[in-house]
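The values are calculated or read from the model by the stated rules, or taken from the named source; none is laboratory data. Computed from a prediction, not measured in an experiment: that's the story for all the values here. As a convention, Cβ positions derive from the backbone with ideal geometry for all residues, glycine included, and neighbour counts pool all protein chains shown. Just the protein is used for accessible areas: all its heavy atoms, side chains included, with ligands, DNA and RNA removed. Shrake-Rupley method; radii C 1.70, N 1.55, O 1.52, S 1.80 Å.
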Amino acid sequence: MIIGLTGGIASGKSTVSKYLTEKGFKVYDADKIAKDISEKKSVQKEIILTFGKKILDKNKNIDRKKLKEIVFENKNELKKLNDIIHPRVIEFYKELKEKNTDEVIIFDVPLLFESGIDKFCDKILVVISDYEIQLNRIIERDKIDRDLASKIIKSQISNEERIKKADVIIENNSSLEDLFEKVERFCEEI
């Protein structure tokens, strides 16, 4: 069985993912997969060709913060980046789906629905948090200003849209203990 795990940025999805990994589930993290893909020389060349040298640091490496500022200021720029990375990530998950036998594996994908990877999943688990909680978490975690944090959250689909497509919803507006209790109940039902 393939379980798609998703949620908006700073909703607690990664915390749930880590908990599931510690419980012994095989978890495939799309952010890590995308980062690995983006570090391939051929992909970096494509990103630099698309966005220009303004995204490079003094060592001529891609400055992720500069790139993030560009793509979250303009939806067309974000689409360009996604058009480079997403097809490669989707192919990775498609191959995993084809290889999967009967074991339970978790696809940890922030953009599960937007990327179409939800089609490879048997069950969808969505982690949600209230907007203000997400906003404060991302500001603290990523050390960015409120405006950029808001743009990043708003660039993703809404919690309402995620909920409509979910099989299981875990609300994360409280303590870690409360979150882990909810995840534990989910694990018992698998």
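First obtain the Kirkwood hydrodynamic radius of region 87-173 from its Cα pairs, then insert it into the Stokes-Einstein equation at 4 °C and 1.567 mPa s, and state the resulting D in µm² per second as a whole number.
Diffusion coefficient, whole number: 89 µm²/s.
So how much slack lies between Lys80 and Asn59, counting 0.36 nm per residue of separation and subtracting their Cα-Cα distance, in nm?
5.2 nm
Determine the gain in length on full extension of the stretch Arg185-Asn173; use 0.36 nm per residue of separation and subtract their C-alpha separation, reporting nm with one decimal. Don't jump to the answer; show the numbers that get you there.
On the way: separation 12, 0.36 × 12 = 4.32 nm, distance 1.70 nm.
Length gained between Arg185 and Asn173: 2.6 nm.
Starting from the exponent 0.38 and prefactor 2.2 Å, build the expected Rg for the chain from its residue count and divide its actual Cα Rg by it. It would help to have the intermediate numbers written out before the result.
On the way: Rg = 17.0 Å, N = 190, 2.2 N^0.38 = 16.2 Å.
The value comes to 1.05.
Modelling each spin label as a point 7 Å along the Cα-to-Cβ direction, I'd like the Thr50/Asp122 distance in nm, to one decimal.
3.4
At what distance in nm do the modelled label points of Thr21 and Arg146 sit from each other, each positioned 7 Å from its Cα along Cα→Cβ?
Placing both labels 7 Å along Cα→Cβ, they lie 3.3 nm apart.
Kirkwood hydrodynamic radius of region 41-94 from all distinct Cα pairs, in Å?
Here the Kirkwood hydrodynamic radius works out to 11.7 Å.
Mind computing the radius of gyration and Dmax over the alpha-carbon atoms of region 132-190? Å is fine for both.
14.0, 40
Taking amide H positions as placed 1.01 Å from N in the peptide plane, with prolines and chain starts having none, which residues 5 or more places from Val27, or on another chain, fall under 5 Å of its amide H?
It is Ile106, by chain and number.
Leaving out ligands and nucleic acids, note down the accessible area per residue over the chain with a 1.4 angstrom probe, in whole Å².
57
Determine, from the Cβ-Cβ distance of Asn100 and Asp130 and an R0 of 35 Å, the FRET efficiency 1/(1 + (r/R0)^6), rounded to the nearest 0.05. Present the calculation step by step, with values, prior to reporting the outcome.
Details: r = 34 Å, r/R0 = 0.98.
That gives a FRET efficiency of 0.50.
How large a share of the accessible area of the chain, in percent, is made up of carbon and sulfur atoms when the probe is 1.4 Å and the other protein chains stay in place?
Reported share for carbon and sulfur atoms: 50 percent.
Classify region 33-139: rounded, prolate or oblate, from the alpha-carbon gyration tensor (a ≥ b ≥ c, eigenvalue square roots; a/c under 1.5 rounded; otherwise prolate if a/b is larger than b/c)?
oblate
Please give the per residue volume of the convex hull enclosing the alpha carbon atoms of region 96-140, rounded to a whole number of Å³. Spell out each step's value before the answer.
Values: hull volume 4.6 nm³, N = 45.
Per residue, the Cα convex hull of region 96-140 comes to 102 Å³.
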